[in-house]
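Enquirer: Encoded as C-alpha cells, here's the structure I'll be asking about.
The values are calculated or read from the model by the stated rules, or taken from the named source; none is laboratory data. Values in this document were obtained by computation on a predicted structure and should not be read as measured data. Here the Cβ is made from the backbone with ideal geometry for all residues, glycine too, and neighbour counts use every protein chain on show. Surface accessibility is based on the protein's heavy atoms, side chains included, excluding ligands, DNA and RNA. Shrake-Rupley method; radii C 1.70, N 1.55, O 1.52, S 1.80 Å.
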Amino acid sequence: MKRIKIFDTTLRDGEQSPGCSMNLKEKIDVARQLERLNVDVIEAGFAIASQGDFNSIREIANVVKNATIASLSRAVPKDIQTAYEAVKNAKKPRIHTFIATSDIHMTYKLKMKPEEVLAQASAMVKYAKSLCEDIEFSAEDASRSNPEFLYRILEAVIKAGATVVNIPDTVGYTTPDEFYNLIKGIRENVSNIHRAEISVHCHNDLGLAVANSLSAIRAGASQVECTVNGIGERAGNAALEEIVMAIDTRKDFYQMHTNIDTQQIFHTSRLITKVTGNRVQNNKAIVGENAFAHESGIHQHGMLANKGTYEIMTPESVGISKNNLVLGKHSGRHALLERVNALGYQLSPEKLDEIFIEFKQLADKKKVIYDRDIEALIQEKAGEIENAYKLSHFVINSGNTITSTANIMLVKNEENYEAVSHGHGPVDAAFKAIESIIGNRFELEDYTLKAVTEGEDALGEAMVKVKFGEGLWNGYGLSTDVIEASIQAYLNAINKGLHFGELIKSQV
Ligand code: KIV
Ligand code: ZN
C-alpha cells in the first residue's frame, strides 16, 4: 500500500485565519500534540511575518523530535534566509517557498511577467537549496494557472533542487475531476517529476477541499497539506481528520495508508478548539458532537443488532472513549494516572498532582467523572499563566426584577483586589467588576457556553474572545457553575493579553 504523507499547516495557514491566533505556549502544546498524532511535516509558521512567528518556529524546531519542521517563505532572499534561521536546529528542517503562477496573480499582485516569475522561482529554490537540503516549492494559485506554464516552472524548480512541489488550490476553485486531471497532467508533462514528491494544498471555498485532495492522491500526489478541524483562511483548509479517516476507512478503495495515530485525532481536535476558541459544528465529520450519535429508533435498533449496519468506523478508532463512567470520588491518584495515560496524555508528576486536586474537588460536586471531564481539566490547566490574576471568590446578586450585581475578589502575586459592579445579567456584572479592577481596556468579541458532558451536574465550558490592544485573545474556563466558568474564561483571555501582549511588545 502506498503511504500518503500528512503535512499539517494548522500552525501556519490555520493560525492565519481570523480569531485563530495562538500564543507561543499554545503553539508548542499544539506541536507536541501533532507529534503524538504522528504527522510527517509540521508547518510551524511564516518566519518573516513577525518576531513572534519566528520565535515559535525556532522553539518548535527545538522540541519536536520526529516530524519535519517547515517554515513558509516568499520566494525572496530575506524570507528564505529568515525561514532557514528559524528551522535550522530541527532534526529535519524544510524551507517552503512560494510564488504565484496564475495570470491574475502575476499581473495584478506581483506585477511580473511569467518569464520573470519562472526565473525568480528557480533562482530562489537554488538559493534555498544552498542552505537546506529539503526544499518545498509552492505554485500559488496553481489550479487557476496555465498548465503549460505550470509544467515549465515545476520542471525548473525541480532542476534547481526542490524536493517537494506543492500544487495549491489557493482560492478553493477547482473540482475533483479537474484537479485529478491537473495532477495527472503534471505527472505526464514534467520530465523530471520523478525526482520530487507531489503535494496538494486545497482550500474549502466550495466545500470541496477534502474531495479535491483525495482526488489528487488518486492521480499520484503523495503529500496532502491540511489542518486540524479544517481551520484556515476564509472557509478553511482541507480537514486533516477527514482526509486521514477517508483513507483509513476506505483503504479497500484507495489502497493507501498514512502514518497517523488515528486514536489521537479527537484529542487534537479538542486542543485546537480550546486554543483557538473556535468550536466545530455538531455535525462536523469525525470530530463533531454528533459524528457518532445514533438518534433515530431504526438506527439504534440496527446498531444493537450489528454495529456495521450504521457505523462505518468506530468512535474508539479516533480516540473517543466508550468507557464513559470512569472515576468517582473514591478513585485514587493511580486510577487517575491510568485514565490520563489511556487518554493519550503524558503529565509530569507535579502536573498530575495539580490535576488530582482538581479532580477530587470536581468529584465532590459531580457524581461521576467522565473522560471528557478529565480531558477538560487537563486542557484548562495547560492554559494557565504564571503570575496572573486569579479568581479568589465572587458573589452574584441577580434576578429578573433587579439589576445584577457582582462582587469579585481577584488575587495576583498574593495581593487581593476587590470590586463591585452592576450589569445586564450576572455575567455582564462579573465582567464589569473584573474590568474595574484591571482597567477597562478589553472588548468582548465572542462568548459561548457549552456543557462538556450530559447531566445536570455537567461541567460548563466557557470560551471568550477578548480584544485587547492589537490582539484578539481566547479564554477558556471550566466549572460546574456557569458563572464561574465565564469568569475564568474572561480572566484567562485577559491574562494572556497582558502576559503575551507585553511579551510581543518587548520583542518588537
Ligand atoms: O493557499 C495557498 O496557496 C498557500 C500557499 C502559500 C501554500 O497557503
Ligand atoms: Zn493556503
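Enquirer: In whole Å, what are the extents of the chain along the principal axes defined by its C-alpha atoms, from largest to smallest?
Expert: Here the Cα extents, ordered largest to smallest, are 73, 62, 45 Å.
Enquirer: Tell me the carbon and sulfur percent of the accessible area for region 251-305, rounded to whole percent, probe radius 1.4 Å. Walk me through the intermediate numbers first.
Expert: Values: 1350 of 2800 Å².
That share works out to 48 percent.
Enquirer: When only alpha-carbon atoms count, how far does region 2-276 stretch along each of its three principal axes, as whole angstroms with the largest first?
Expert: 46, 44, 31
Enquirer: Among residues other than Met463 whose Cβ falls under 9 Å from its Cβ, what is the net charge (Lys/Arg +1, Asp/Glu -1)? Spell out each step's value before the answer.
Expert: Working: positive: Lys274, Arg279, Lys450, Lys465; negative: Asp446, Glu461.
Once all neighbours under 9 Å are counted, the net charge is +2.
Enquirer: Let me ask something additional. Projecting each Cα onto the charge dipole of region 30-122 (Lys/Arg +1, Asp/Glu -1 at the beta carbon, about the Cα centre), which of Ser122, Ser73, Ile99 comes out farthest on the positive side?
Expert: The listed residue farthest towards the positive side: Ser73.
Enquirer: Determine the sum of side-chain charges near Leu150: Lys and Arg each +1, Asp and Glu each -1, restricted to other residues whose C-beta is under 12 angstrom from that of Leu150.
Expert: Values: positive: Arg144, Arg152; negative: Asp103, Glu140, Asp141, Glu148, Glu155.
Summing Lys and Arg as +1 and Asp and Glu as -1 gives -3.
Enquirer: I've got another one for you. What percentage of the solvent-accessible surface of region 322-382, computed with a 1.4 Å probe over protein heavy atoms, is contributed by carbon and sulfur atoms?
Expert: On the way: 1700 of 3170 Å².
Of the solvent-accessible surface of region 322-382, carbon and sulfur hold 54 percent.
Enquirer: Can you flag which of Lys381/Lys496; Lys78/Lys184; Lys25/Lys390; Lys351/Lys390 are past 23 Å Cα-Cα? Intermediate results must be reported in sequence, preceding the final value.
Expert: On the way: Lys381/Lys496 14 Å; Lys78/Lys184 34 Å; Lys25/Lys390 19 Å; Lys351/Lys390 18 Å.
With Cα atoms farther than 23 Å apart: Lys78/Lys184.
Enquirer: How big is the C-alpha Rg of region 13-134 next to the rule-of-thumb value 2.2 N^0.38 Å, as a ratio? Could the numbers behind the result be given before it?
Expert: Numbers: Rg = 15.2 Å, N = 122, 2.2 N^0.38 = 13.7 Å.
So the Cα radius of gyration is 1.11 times the expected 2.2 N^0.38 Å.
Enquirer: May I ask you to list the GluC sites (Glu not before Pro) in region 426-508 that are in a DSSP loop and have at most 12 other Cβ atoms within 10 Å of their Cβ?
Expert: Working: sites: Glu435, Glu443, Glu445, Glu454, Glu456, Glu461, Glu470, Glu484, Glu502; in loops: Glu454, Glu456, Glu470.
Within region 426-508, the qualifying GluC sites (Glu not before Pro) (loop, at most 12 other Cβ atoms within 10 Å) are Glu454, Glu456, Glu470.
Enquirer: Could you give the accessible area per residue of region 419-462, probe 1.4 Å, as a whole number in Å²? It would help to have the intermediate numbers written out before the result.
Expert: Working: 2250 Å² over 44 residues.
It amounts to 51 Å² per residue over region 419-462.
Enquirer: Considering only protein heavy atoms, with the full assembly of protein chains and a 1.4 angstrom probe, order Leu11, Leu347 by accessible area, largest first. Present the calculation step by step, with values, prior to reporting the outcome.
Expert: Working: Leu11 0, Leu347 50 Å².
Ranked from most to least accessible, the order is Leu347, Leu11.
Enquirer: So what J values fall out for region 362-373 if you push phi through Karplus, 6.51 cos²θ - 1.76 cosθ + 1.60 with θ = phi - 60°, rounded to Hz, Gly and Pro as x?
Expert: 5, 5, 6, 9, 10, 5, 10, 10, 8, 3, 4, 5
Enquirer: Taking H placed 1.01 Å from N in the peptide plane, check which residues at least 5 places from Ala451 or on another chain put their amide H under 5 Å from its amide H.
Expert: Glu461
Enquirer: Using protein chains only and a probe of 1.4 angstrom, how many square angstrom of Lys450 are accessible, to the nearest 10?
Expert: Solvent-accessible area, nearest 10 Å²: 60 Å².
Enquirer: Please compute the per residue accessible area over region 2-276 with all protein chains in place, 1.4 Å probe, rounded to a whole number of Å².
Expert: Numbers: 10050 Å² over 275 residues.
For region 2-276, the solvent-accessible area averages 37 Å² per residue.
Enquirer: Just the Kirkwood number for region 351-421, please: inverse of mean 1/r across all distinct Cα pairs, in Å, one decimal.
Expert: Numbers: mean 1/r = 0.0680 Å⁻¹.
Hydrodynamic radius (Kirkwood, Cα pairs) of region 351-421 is 14.7 Å.
Enquirer: What net charge is computed for the residues neighbouring Ser17, neighbours being all others with C-beta under 12 Å from the C-beta of Ser17, Lys and Arg scored +1, Asp and Glu -1? Each step should come with its number before you reach the end.
Expert: Details: positive: Arg12, Arg234; negative: Asp13, Glu15, Glu233.
So the surrounding residues net to -1.
Enquirer: By DSSP, what percent of the beta bridges with both residues in the chain are antiparallel, rounded to the nearest 5? Walk me through the intermediate numbers first.
Expert: Working: 35 of 73 bridges.
Given both bridge residues lie in the chain, the antiparallel proportion sits at roughly 50 percent.
Enquirer: Next question. Name the shape class, rounded, prolate or oblate, that the alpha-carbon gyration tensor gives for region 75-204, where a ≥ b ≥ c are the square roots of its eigenvalues, rounded holds for a/c under 1.5, and otherwise prolate holds if a/b is larger than b/c and oblate otherwise.
Expert: Values: a/c = 1.61, a/b = 1.39, b/c = 1.15.
The shape class here is prolate.
Enquirer: Where nothing but the Cβ of Lys and Arg (+1) and of Asp and Glu (-1) is charged, how large is the charge dipole of the chain around its Cα centre, in debye to the nearest 20?
Expert: Numbers: 56 positive and 67 negative charges, 217 e Å.
The dipole of the chain has a size of about 1040 debye.
Enquirer: Compare the peptides 133-143, 255-265 by average per-residue count of other Cβ atoms within 10 angstrom and give them in order, highest first. Display every interim value, and only then the final one.
Expert: Values: 133-143: 23.9, 255-265: 17.7.
Descending mean neighbour count gives 133-143, 255-265.
Enquirer: Right, here's the next one. Per DSSP helix of 4 or more residues, -39500 (n - 2.57); summed, then divided by the residues of the chain. What does that give at 222 nm, rounded to the nearest 500? Please list the in-between numbers first.
Expert: On the way: 16 runs with 207 residues, N = 508.
Dividing the helical sum by the residues of the chain leaves -13000 deg cm²/dmol.
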